[in-house]
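Values in this text are rule-based calculations from the coordinates and carry no lab data. Being a predicted model, the structure only gives us computed values, none of them experimental. Here the Cβ positions follow ideal geometry from the backbone for every residue, glycine too, while neighbour counts run over all protein chains shown.
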Amino acid sequence: MIDLRTRRGFDDIKRILDDRPDDVLSMCKIKIAKKTGATIVIDDPRGQGRGNFAIWLKSDGLSWKNYTTDEKGRSLELIAYCNGWYHLDRRGAKEAARFAVDQLGLDRVSAEDLARDRAQAAAKQAAQRTQAAQDLERKRKAAFMTFTGAQPVMGTPAEVYLREIRGLDLREAPFIGPRGGNIAPKCLRFLPRHKYIRRAKDGAKLSESYHPCLIACCVDKDMRIVAIHQTFLRDDGMGKADLEPAPDGTEQPGRKVWPDSAGAVIPLWNGGEHLTVRQARENFEQNGVVETLVLTEGIEDGLSAVYAASQYRVWAMISLSNMSNVAQRIPSFIDSIIVHRQNDWDKPQAVAQFDRGFRDLQRGGRIVVELAAIRGKDLNDTHRGVGDYRTAVHR
């Protein structure tokens with residue numbers, strides 16, 4: 001039988017739970033459509049937030065995160081969280097393990113069966129890890145091909161969207177080169193017809209449709225394209241696509257990232273000297289030249305920051321939940337960071353996420369300042385002159 005008084009006993013129960021995600025979700029009374037490898041966002045299982053709880057089903061088991069509280073873990077911790085034991089010693093591991101053993105009848109497993117299960121699980125997990133790595137690489141290559149197969153943004157409905165809806169004219173300064181040529185961000189492209197998958201609250205696929213799409217490349221710390229950010233548009237570019245909610249009321253996001261953007265950024269602007277990351281790093285190593293980096297959550301805020309201060313390098317972090325990951329990849333030549341904070345004071349989840357990310361940026365030892373929009377919700381509202389005036393926050 002499984003002996004929870006030993007480390008091996010806990011390893012056994014963790015391994016078994018990793019191999020049985022459906023049973024784990026059932027024990028936690030969570031219903032989702034199975035989407036291996038995808039980020040599944042649901043309401044908090046304990047009713048403490050809406051759309052703030054993420055679950056990942058990967059080859060090595062289940063993992064989860066509460067974006068409001070930053071609580072996270074794997075199967076054992078999820079059982080503890082859903083049953084109110086997460087705050088106990090070791091995040092409720094003992095209580096959750098006893099519950100799982102009882103629910104799954106594992107107290108009757110023989111020593112021989114356990115030994116055989118360990119050997120089979122080790123081989124299965126090794127094969128699954130290999131398969132998962134291959135699947136991710138395949139998806140990243142597909143994202144790369146999608147981006148390179150898209151057309152330049154100029155002269156497309158995406159340019160219309162940025163100019164007419166977001167007030168971002170890519171044909172005026174600072175997007176004019178020294179010889180009069182256009183230097184609009186090369187990370188932005190356009191697809192006239194791009195697939196959109198409509199999903200229900202549990203992640204189940206309902207239908208698919210095709211729309212014009214603003215495509216942005218997301219790059220890793222080595223500046224390799226690993227994902228694409230997609231903004232689905234109306235045919236004329238005069239707004240985001242009209243996407244019908246799911247029958248269960250789930251709104252369909254006009255923006256999506258695929259396949260995975262953890263730690264990735266959208267490199268919108270290379271600063272006043274227009275140096276690539278490699279060139280800026282060499283300039284720092286050879287001449288000691290440092291730069292300031294501006295971080296924003298989205299593309300429109302980032303382009304608005306370029307309008308306001310084109311001398312700075314600008315990256316879009318894609319989401320607040322990615323901010324702490326981005327903090328781990330700040331280049332050596334960056335000595336100071338300006339991070340834009342949207343006016344989300346009425347959203348505890350966003351406030352908590354920003355505060356955690358800001359602290360992680362500060363841990364890098366650089367000067368880090370926070371800048372909120374002085375009008376409207378974000379920098380793009382301020383740029384367009386819409387919304388109420390607010391008091392900016394700096395620290």
**Q.** Positive-end residue of F175, Q151, Q131, charge dipole of the stretch 68-178 with Cβ unit charges
**A.** Q131
**Q.** the stretch 48-65 - phi-based ³J(HN,Hα) in whole Hz, Karplus 6.51/-1.76/1.60, Gly and Pro as x
**A.** 10, x, 10, x, 10, 10, 10, 10, 10, 10, 10, 5, 9, x, 9, 9, 7, 7
Q. Sorted from largest down, what three extents in whole angstroms do the Cα atoms of the stretch 133-255 have along their principal axes?
A. 53, 37, 21
(Q) How would L371, L17 line up from fewest to most surrounding beta-carbon atoms within 10 angstrom? (A) L371, L17
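Write down, largest first, the equivalent ellipsoid semi-axes of the stretch 1-73 in whole Å, where each equals the square root of 5 times an eigenvalue of the alpha-carbon gyration tensor.
In descending order, the three semi-axes are 24, 14, 11 Å.
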Q | Within the chain, percent of DSSP bridges classed antiparallel, to nearest 5 | A | 75
Q: Mind putting a number on the dipole of the chain about its Cα centre? Charges go on the C-beta only, +1 for Lys and Arg and -1 for Asp and Glu, and I need it in Debye to the nearest 20.
A: 580
Q: Distance check, please: which entries in K29/K139; K94/K256; K205/K240; K58/K347 exceed 28 angstrom between their Cα atoms?
A: K29/K139; K94/K256; K58/K347
Q. Taking N as the number of residues in the stretch 198-269, what is its Cα Rg relative to 2.2 N^0.38 Å?
A. 1.26
Q: Taking the Cβ of each residue in H211, H229, H87 as the centre, tally the other Cβ atoms inside 10 Å and list the residues starting with the fewest.
A: H87, H211, H229
Q: Provide the packing ranking of 218-226, 378-386, i.e. peptides ordered by the mean count of other C-beta atoms within 10 Å per residue, highest first.
A: 378-386, 218-226
(Q) Quick check: Cα centre of the stretch 24-82 to Cα centre of the stretch 100-138, how many Å? (A) 20
Q. Which order results if D135, D19 are arranged by neighbouring Cβ count within 10 Å, fewest first?
A. D135, D19
Q) With the radius of gyration and the Kirkwood radius both derived from the Cα set of the chain, what is their ratio Rg to Rh? A) 1.01
Q | Ratio of Rg to Rh over the stretch 227-273 (Cα coordinates, Kirkwood Rh, two decimals) | A | 1.12
**Q.** Residue-averaged [θ]222 nm for the chain, counting only DSSP H segments that reach four residues, each worth -39500 (n - 2.57)
**A.** -10000 deg cm²/dmol
Q: Apply the Karplus parameterisation 6.51 cos²θ - 1.76 cosθ + 1.60, with θ equal to phi minus 60°, to every residue of the stretch 176-183 and state each ³J(HN,Hα) to the nearest whole Hz, in sequence, with x for glycine and proline.
A: 10, x, x, 10, x, x, 8, 10
Q | Debye, to nearest 20: dipole size of the stretch 133-255, +1 on Lys, Arg Cβ, -1 on Asp, Glu Cβ | A | 440
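Could you work out the Rg to Rh ratio of the stretch 261-395, with Rh taken as the Kirkwood radius (inverse of the mean 1/r over all Cα pairs)?
Numbers: Rg = 14.5 Å, Rh = 15.0 Å.
That ratio is 0.96, to two decimals.
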Q: For the stretch 1-143, just run the numbers: alpha carbon Rg, then divide by 2.2 N^0.38 Å, N being how many residues it has.
A: 1.10
Q) Cross-link partners among aspartates and glutamates for K124, C-alpha distance below 15 Å, same-chain residues fewer than 8 apart left out? A) D12, D18, D19, D60
Q. With point charges of +1 on the Cβ of Lys and Arg and -1 on the Cβ of Asp and Glu, referenced to the Cα centre of the chain, which listed residue (G73, L162, P348) lies farthest in the positive direction of the dipole?
A. G73
Q.
Given a 10 angstrom Cα cut-off, can you work out which residue in F190, F99, F358 is the most mobile in a GNM of the chain?
A. F99
Q: Taking the Cα centre of the stretch 7-109 as origin, sum charge times position over the Cβ atoms of Lys and Arg (+1) and Asp and Glu (-1), and report the length of that vector in debye to the nearest 20.
A: 100
Q | Gaussian network model of the chain, springs between alpha carbon atoms under 10 Å - residue of A309, A111, A372 with greatest fluctuation | A | A111
